[in-house]
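First the structure, in the form of structure tokens, and then the observations on it.
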Amino acid sequence: MLKEAEIRTFVDGTTNYFEVSGRQPATVGSPYLVTDGKPGTYEYTGVIGISGARKGIVYFTAPRGMLTVLLMRMQETDCSEETILDLVGEVANTISGNARRDFGKSFVISVPTVVAHNPEKVTPPHQRCYVIPINWRAHSAKLVVCLE
Amino acid sequence: MDTNVRQSKKLMIVDDSNIIRRRIERSQQIDRLEVVGAAANGRDAVELFRRTQPDVVTMDLTMPEMDGIECVEKLIAINPNVLILVVSALADKATAVEAIEKGANGFLCKPFTDRQLNDALEELLRQT
């Protein structure tokens, strides 16, 4: 179960990522709790496994359109499938890694696993997940935090 | 102006993200650095380091095969004079302190702007 301050950590990390890397802040909607283990995905998902003091997953999921624009804002000219997958994993990695500022070193993050076009492969380990809606330049995405 | 800062140095980039490797590589602001190679994990980085003998390394921490902290230790064992800038998303103070204790010379937290990268590398080069 996440405390409000812990959710704020992920909201701030998400806002900061888009402001710095995308050079335009994202609008983050009100986080909500999903209790059926189905927080949903878009086309591309970067999943980070969490171990140590907390256990579970954090994933960032977004449509290709958002990821392509984000790459362009990062001056990246290669928008191939491989680069899109690299980006979605890097976003998940960066937001999760930044959370250690508040969670500390015992919040151990894995290297990213990336999933494309196959939402069934993204399986939260718990029924209860927090969803942080992200809106950026007319695109929508989600950060899902599923920790015990 | 400090002439040491203006000297060209060899740079190796270590990061499992190709986007980050390319971003550091194409930065126009670090023209005093000549990129001699890039590696996607710690194990490849050690091998590349032996071959190319860079003066400066940017080092990610969370990587497959061998993580960045272990890699820093190995690079320092090969060349204690190498300058290592850790570039990582791991934002806790304990990790930054550990990296410095293992021999890294600086720490830049992801996400970063080109200006922040440039400033961090400039600061690193001033240590020579």
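No lab work stands behind these numbers, since they all come straight from the coordinates. Bear in mind that the values here come from a model prediction, so they are computed numbers and not experimental data. Note that each Cβ is placed from the backbone with ideal geometry, even for glycine, and that neighbours are counted across all protein chains shown.
Values as computed for the structure displayed
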item	result
Estimated inter-spin distance, residue B:81 and residue B:115, nm [label 7 Å along Cα→Cβ]	3.5
Pair residue B:43, residue A:27: separation of 7 Å Cα→Cβ label points (nm)	4.7
Label-zone membership for segment A:1-33, site residue A:127, 7 angstrom Cα→C-beta point, backbone N under 15 Å	A:1, A:33
Average other protein chain Cβ within 10 Å of Cβ, residues A:91-100	6
Segment residue A:55-residue A:80, length gained on full extension (0.36 nm per residue, minus Cα span)	5.7 nm
Separation in nanometres of the label points that stand 7 Å from Cα toward Cβ, at residue A:135 and residue B:123	3.7
Neighbouring partner chain Cβ atoms per residue of B:89-98, average, 10 Å criterion	6
Sequence-distant residues sharing a close amide H with residue A:122 (under 5 Å, placed H)	none
Partner lysines for residue A:121 [C-alpha distance under 24 Å; skip if fewer than 8 residues away on the same chain]	A:38, A:55, A:142
Charged-residue dipole, Cβ positions (Lys, Arg, Asp, Glu), segment A:4-147 about Cα centre, Debye nearest 20	400
Spatial separation of Cα centroids for segment A:25-41 and segment A:63-142, in angstrom	13
Peptide ranges B:49-62, A:13-26 listed from the most packed, as the mean C-beta count within 10 angstrom indicates	B:49-62, A:13-26
Positive dipole terminus of the protein assembly as shown, leading residue within A:122, A:29, A:58 (C-beta point charges)	A:29
Integer Hz, Karplus 6.51/-1.76/1.60 couplings in order for segment B:64-76, x for Gly and Pro	x, 6, 9, 6, x, 5, 4, 5, 4, 4, 5, 5, 5
Protection proxy ranking, peptides A:39-51, A:114-126, average beta carbon neighbours within 10 Å, highest first	A:39-51, A:114-126
Calculated FRET efficiency for the pair residue A:3/residue B:100, C-beta based, R₀ 30 Å, to 0.05	0.45
